[in-house]
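Chemist: Pasting a structure below so you can have a look.
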Amino acid sequence: MKLLQLFVFSLAAFVAVSCGNPANAEQTTEATNTEKTDTQAEAQTVANTAPGKVSVGDKAPDFNLKNVDGEMYSFENIKDANGEAPKGYIIVFTCNTCPYAVASEQRIIDLHNKYAPMGYPVVAIQPNDPAAQPGDSYEAMKERATEMEYPFLYLFDEGQKVYPIYGATRTPEVYLVDAKQIVRYHGAIDDSVRDAENVEEKFVEKAIEALEKGQEPKPAKTKAVGCSIKTV
């Protein structure tokens with residue numbers, strides 16, 4: 001009898017250990033996957049798949065931010081290239097340091113030069129915390145704007161108060177806003193953020209052309225691909 005009890009006890013212990021292994025393996029796999037995800041996020045190459053707080057059709061939150069010239073700007077006092085109230089605003093969350101933002105820099109300049117005279121100025125907003133990314137400090141912004149002769153406003157989201165209420169997560173990331181401050185397009189500048197030579201579809205330009213014709217932009221939303229916004 002004692003031998004039988006010992007056998008039953010040993011069998012039960014073996015089953016318990018065996019049943020526990022899949023759970024442990026699953027937890028290990030999950031931890032490994034989480035680590036891989038964190039590594040990918042650090043690599044800053046993940047497309048923006050998370051929905052923002054502001055969607056197409058919503059009213060864009062106003063802001064009052066300092067430009068590189070020291071002046072404060074909001075929807076109320078931003079003008080187009082003709083000194084008139086804009087028909088729309090190409091709001092671009094961008095920065096000095098992200099490789100994707102740098103690769104898009106000339107395209108952002110070109111957008112302003114082409115569409116600001118038509119009533120759609122670029123309003124660039126730098127959302128990174130300089131404590132996490134020193135190359136995106138206000139002083140560095142001023143230097144970059146001077147070096148590249150930015151023709152558009154380059155505003156500093158000091159204290160990171162604006163980008164969270166928009167729901168922006170990447171640089172660069174675009175919100176095309178109409179004169180009534182309604183978001184009409186949200187996402188990428190075009191379909192090749194890494195290489196301007198490979199652009200096949202210019203999303204922002206198509207969206208503006210649609211608005212000029214009184215039509216709804218198609219697509220109205222795309223995935224913004226770039227660096228994650230840096231915070232401490």
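Condition check ((1) within 19 Å of residue 97 (Cβ to Cβ); (2) touching a residue at least 24 places away in the same chain (Cβ under 8 Å)) across all residues:
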site: 163; (1), (2): yes, yes
site: 167; (1), (2): no, yes
site: 181; (1), (2): no, yes
site: 184; (1), (2): no, yes
site: 209; (1), (2): no, no
site: 214; (1), (2): no, no
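Chemist: Residue 154 passes all but one of (1) in a loop (DSSP other than H, G, I, E, B); (2) aromatic (Phe, Trp, Tyr); (3) over 21 Å from residue 207 (Cα atoms); which number fails?
Modeler: (1)
Chemist: Here is a further query. Being within 22 Å of residue 182 (Cα to Cα) and either in contact with a helix residue (DSSP H, G or I) (Cβ under 7 Å, 6 or more places away or on another chain) or part of a strand (DSSP E or B) (or both) is the filter here; which residues of the stretch 54-71 pass it?
Modeler: If the condition is that a residue be within 22 Å of residue 182 (Cα to Cα) and either in contact with a helix residue (DSSP H, G or I) (Cβ under 7 Å, 6 or more places away or on another chain) or part of a strand (DSSP E or B) (or both), then 54, 59, 61, 65 are the ones that fit.
Chemist: Could you tell me how many of the residues in the stretch 155-191 are over 24 Å from residue 216 (Cβ atoms) and either surrounded by fewer than 20 Cβ atoms within 10 Å (Cβ to Cβ) or in contact with a helix residue (DSSP H, G or I) (Cβ under 7 Å, 6 or more places away or on another chain) (or both)?
Modeler: Here the count works out to 9.
Chemist: In the stretch 195-232, which residues are of a type in the set (A, V, I, L, M, F, W, C) and either under 16 Å from residue 171 (Cβ atoms) or touching a Pro at 6+ places or on another chain (Cβ under 9 Å) (or both)?
Modeler: 203, 204, 207, 208, 210, 211, 224, 225, 227, 229
Chemist: Mind listing just one residue for me: the one in the stretch 104-129 that is among the small types (Gly, Ala, Ser) and part of a helix (DSSP H, G or I) and, of those, surrounded by the fewest Cβ atoms within 10 Å (Cβ to Cβ)?
Modeler: So the residue we want is 116.
Chemist: Which numbered condition in (1) in contact with a strand residue (DSSP E or B) (Cβ under 8 Å, 6 or more places away or on another chain); (2) within 26 Å of residue 63 (Cα to Cα) is the only one that residue 193 fails?
Modeler: It fails just one condition, (2).
Since every read-out is calculated from the coordinates, none of them should be taken as a lab result. This is a predicted model, so every value here is computed, not measured. All Cβ positions, glycine included, derive from the backbone under ideal geometry; neighbour counts span all protein chains shown.
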